[in-house]
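Remarks on the structure that follows.
The values are calculated or read from the model by the stated rules, or taken from the named source; none is laboratory data. If you're wondering where the values come from, they're calculated on a predicted model, not measured in any experiment. Quick reminder, even Gly has a Cβ in these numbers, built from the backbone with ideal geometry, and neighbours come from all protein chains shown. Just the protein is used for accessible areas: all its heavy atoms, side chains included, with ligands, DNA and RNA removed. Shrake-Rupley method; radii C 1.70, N 1.55, O 1.52, S 1.80 Å.
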Amino acid sequence: MDASKNSEEILVLMDTTNHRMIPANVIANKRDGQPLSREAIRFMIDGFTSGEIPDYQMSALAMAIFFRGMSEAEILDLTQAMVASGDVLKPTGSAVRVDKHSTGGLGDKTSLIIAPLLACLGYHVPMLSGRGLGITGGTLDKLEAIPGFRTNLEEREIDEQLRNVGCVITGTTSRLAPADRKLYALRDVTATVPSIPLITASIMSKKIAESLNGLVLDVKYGSGSFQSSISQARVLAKALTRIGQLSGITTTALLTDMTQPLGSMIGNACEVVEALEVLQGKGPQRVRDLSVELAARLIYSLDPKHTIDNIRARLTGLLNNGEAFEKFSSMVRSQGGVLNNQFNLEKTRVILATSQGILTGLDCQKIGYAVIAMGGGRKRAGESINHHVGIRWLTPLGMVVHPGDAICEVFCNSDSLFEDAKALIVASLEFDKGTFKFPPLWTE
Ligand code: URA
């Protein structure tokens, strides 16, 4: 936004005696539906990051943004202010830096596959990931199921690993977009997480701080994700893509189906086990296809001289010939992990169908809560989790189920936690409700 156009508005925001903006006036402007100037956004974000603007004023602004929304220019200004609140990673020489970001889905382990796949082709992948949020598991939690795996690398270590291995998956450092970390914690407790401008600035500030050339977004919809409808996912994908492009990152997005878990395995160690299968040319088709597609779209967006079919074939070859697995193993070693295939999943129990019917729907929120109930996810931020519980889902949507068929296997030592999980899983099943139509795995 051009600041000169907003001189009148900025005057209203200023304490003219002390030449300072007044937070309450900035908040009131947004509350009343006025656009925020770049200066006002910078003032609020800088003040909030340094502690001069207290949580209650930032919460009020977040709520005003939640109800009033933001123009594209405001979202870009907010994103840039959050990037400027901290460091950005140094580019690593002339290597092309890329990443994939997913909005989170039940059983989604594609990050573990895509980072090494892209590194096999010479891209540098500084994948800064998060912990579990709601029912969706976090990539860091999954990787910590590997004994010794470190997810708190410093910027110097990230840089070194990118040069030596090509990919790194670690937590965002405390110096990258610190405003986002503080604001996210406030949004969480003020019911302002679902605001599209706030989600967009939050995600994109961290991606811009990675100094990327290319980004592919996996924007999920369905009960196993945060966006229940494809139309909501489309709005978010558009906002994220625009801010990426306006920030000089070649950004592309797919809308992907989460009306059922992605693949069979759900839970931390469970998902590493399945990712390792895919990295060795095996594993469920949907996980393999989505991983290859996201990586292929990203490569094609940066370098359209090859056909997308050729790129898909190349990537599939890297899964089948073991190169992607080798790259993943190098990344694990470099981050202190020991890959010995000892994932110590808890005791296997089976949930059986009690009647006949076609599985026409799944409430994936309930399946996700079943994993949380067993200790595989957090009820409160900061809690420790059990990496060794989980579920192997055996019944895809559309399947005809007979009494005695296995719906899923559950990995859980505790009888009582298993009963809690079972009640949620049984309640998630919907049989014979209308005609079943398989949504496509991805849509542009
Ligand atoms: N992930 C983020 O990093 N931020 C959000 O606001 C939502 C999901």
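Selection of first residues in the stretch 126-141 that are away from the ligand (no atom under 11 Å from the Cβ) and modelled with pLDDT under 80 and of second residues that are open to solvent by 10 Å² or more (accessible area, probe 1.4 Å) and among the polar types (S, T, N, Q), restricted to Cβ pairs under 7 Å at least 6 apart or on distinct chains, gives an empty result.
In this structure, Leu198 does not satisfy being farther than 28 Å from Pro261 by Cβ and either open to solvent by less than 30 Å² (accessible area, probe 1.4 Å) or more than 13 Å from the ligand (Cβ to nearest atom) (or both).
Pairs linking a residue in the stretch 89-108 that is among the polar types (S, T, N, Q) to a residue that is away from the ligand (no atom under 16 Å from the Cβ) and not in a strand (DSSP E or B), with Cβ atoms under 6 Å and 6 or more positions apart or on different chains, are Thr92/Leu162; Thr92/Arg163. Does Gly336 satisfy the criteria of being of a type outside the set (Lys, Arg) and in a loop (DSSP other than H, G, I, E, B)? Considered against the rule, which asks whether it is of a type outside the set (Lys, Arg) and in a loop (DSSP other than H, G, I, E, B), Gly336 comes out as yes.
Against the definition (within 13 Å of the ligand (Cβ to nearest atom), modelled with pLDDT of 95 or more and either in contact with a strand residue (DSSP E or B) (Cβ under 7 Å, 6 or more places away or on another chain) or over 27 Å from Gln365 (Cα atoms) (or both)), how does Leu162 come out, yes or no? It is false that Leu162 is within 13 Å of the ligand (Cβ to nearest atom), modelled with pLDDT of 95 or more and either in contact with a strand residue (DSSP E or B) (Cβ under 7 Å, 6 or more places away or on another chain) or over 27 Å from Gln365 (Cα atoms) (or both). Quickly run through the stretch 384-401 and pick out the residues that are part of a loop (DSSP other than H, G, I, E, B), open to solvent by less than 30 Å² (accessible area, probe 1.4 Å) and either among the small types (Gly, Ala, Ser) or farther than 28 Å from Ile146 by Cα (or both). Answer for the stretch 384-401, where residues must be part of a loop (DSSP other than H, G, I, E, B), open to solvent by less than 30 Å² (accessible area, probe 1.4 Å) and either among the small types (Gly, Ala, Ser) or farther than 28 Å from Ile146 by Cα (or both): just Leu397. Contact map, the stretch 169-181: residues that are under 12 Å from Thr49 (Cα atoms) paired with residues that are β-branched (Val, Ile, Thr) and assigned to a strand (DSSP E or B), Cβ distance under 7 Å, separation 6+ or inter-chain. No pairs are found. Here Ser228 meets each of (1) open to solvent by less than 10 Å² (accessible area, probe 1.4 Å); (2) part of a loop (DSSP other than H, G, I, E, B); (3) within 16 Å of the ligand (Cβ to nearest atom) with one exception, condition (1).
The set of residues from the stretch 67-91 being touching a Pro at 6+ places or on another chain (Cβ under 8 Å) and crowded, with 17+ Cβ neighbours inside 10 Å comprises Met70, Glu74, Ile75, Leu78, Ser85, Gly86, Leu89. Filter the stretch 208-224 down to residues that are within 23 Å of Gly368 (Cα to Cα) and either part of a loop (DSSP other than H, G, I, E, B) or open to solvent by less than 10 Å² (accessible area, probe 1.4 Å) (or both), then give me how many there are. The qualifying residues number 7.
Of all residues in the stretch 80-104, those that are away from the ligand (no atom under 14 Å from the Cβ) and within 30 Å of Ser223 (Cα to Cα) total 1. For the stretch 92-109, the candidate set comprises residues that are open to solvent by 30 Å² or more (accessible area, probe 1.4 Å) and either part of a loop (DSSP other than H, G, I, E, B) or charged (D, E, K, R) (or both); within that set, the residue that is modelled with the lowest pLDDT is Gly93.
Rundown of residues vs (1) at pLDDT 95 or above; (2) in contact with an Asp or Glu (Cβ under 8 Å, 6 or more places away or on another chain); (3) closer than 21 Å to Thr192 by Cβ; (4) assigned to a loop (DSSP other than H, G, I, E, B), yes/no style:
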| residue | (1), (2), (3), (4) |
| --- | --- |
| Ser4 | no, no, no, no |
| Glu9 | no, no, no, no |
| Asn18 | no, no, no, yes |
| Ala28 | yes, no, yes, no |
| Ile45 | yes, no, yes, no |
| Tyr56 | yes, no, yes, no |
| Phe66 | yes, no, yes, no |
| Ile75 | yes, no, yes, no |
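If you go through the stretch 238-248 and pick out every residue that is open to solvent by 10 Å² or more (accessible area, probe 1.4 Å) and either in a loop (DSSP other than H, G, I, E, B) or within 14 Å of the ligand (Cβ to nearest atom) (or both), you end up with 3.
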